[in-house]
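The structure appears right after this line, and notes come after that.
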Amino acid sequence: MTRLEIIEIRTTGNNRDDLERFLKNWQAEVKAKVKTASVKIYQQAGLETDYSVHLRYDPDTTETEYRVLGERLVSDLKEFGLVNHTVWMEKNFL
């Protein structure tokens, strides 16, 4: 089953550059090492301090693999600001 983790962070203007540097390095590392996850990072259109990280896992990803990646990111992001973390499972009704 395909899973989507959405990790939102609201940071301050003071550490926004540090957060962006962290996210850039983290995204490159994940893309190089984790073949079962797709990573996309968004910045809110009207608010420069809000970011959303979307981790989409293919059905072959184990529960341990997706939990470790998401929970480590949430833990690391807490030093930059407020973090919200949700996990979604794809539903196919057809």
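The values are calculated or read from the model by the stated rules, or taken from the named source; none is laboratory data. Keep in mind the model is a prediction, meaning the values are calculated, not measured. Using ideal geometry, Cβ is built from the backbone for each residue, glycine included, and neighbour counts are taken over all protein chains shown. Please note that ligands, DNA and RNA were not included when accessible areas were found on the heavy atoms of the full protein model with its side chains. Shrake-Rupley method; radii C 1.70, N 1.55, O 1.52, S 1.80 Å.
What the table below lists for this structure:
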| item | result |
| --- | --- |
| Checking residue 29 against (1) modelled with pLDDT under 95; (2) within 10 Å of the chain's Cα centre (by Cα), the condition it does not meet | (2) |
| Residues of the stretch 79-94 satisfying the condition of being without any contact (Cβ under 8 Å) to a residue 12 or more places away in the chain and either surrounded by 11 or more Cβ atoms within 10 Å (Cβ to Cβ) or within 23 Å of residue 31 (Cβ to Cβ) (or both) | 79 |
| Condition check for residue 86: more than 11 Å from residue 9 (Cβ to Cβ), at pLDDT 90 or above and not in a helix (DSSP H, G or I) | yes |
| Verdict on residue 73 being under 18 Å from residue 32 (Cβ atoms), in contact with a strand residue (DSSP E or B) (Cβ under 7 Å, 6 or more places away or on another chain) and of a type in the set (A, V, I, L, M) | yes |
| Every residue from the stretch 17-57 that is in contact with a helix residue (DSSP H, G or I) (Cβ under 8 Å, 6 or more places away or on another chain), farther than 17 Å from residue 6 by Cβ and open to solvent by 50 Å² or more (accessible area, probe 1.4 Å) | 22, 48 |
| Residues (among the hydrophobic types (A, V, I, L, M, F, W, C) and open to solvent by 80 Å² or more (accessible area, probe 1.4 Å)) located in the stretch 1-16 | 1 |
| Which numbered condition residue 64 misses (of (1) within 16 Å of residue 79 (Cα to Cα); (2) open to solvent by 60 Å² or more (accessible area, probe 1.4 Å)) | (1) |
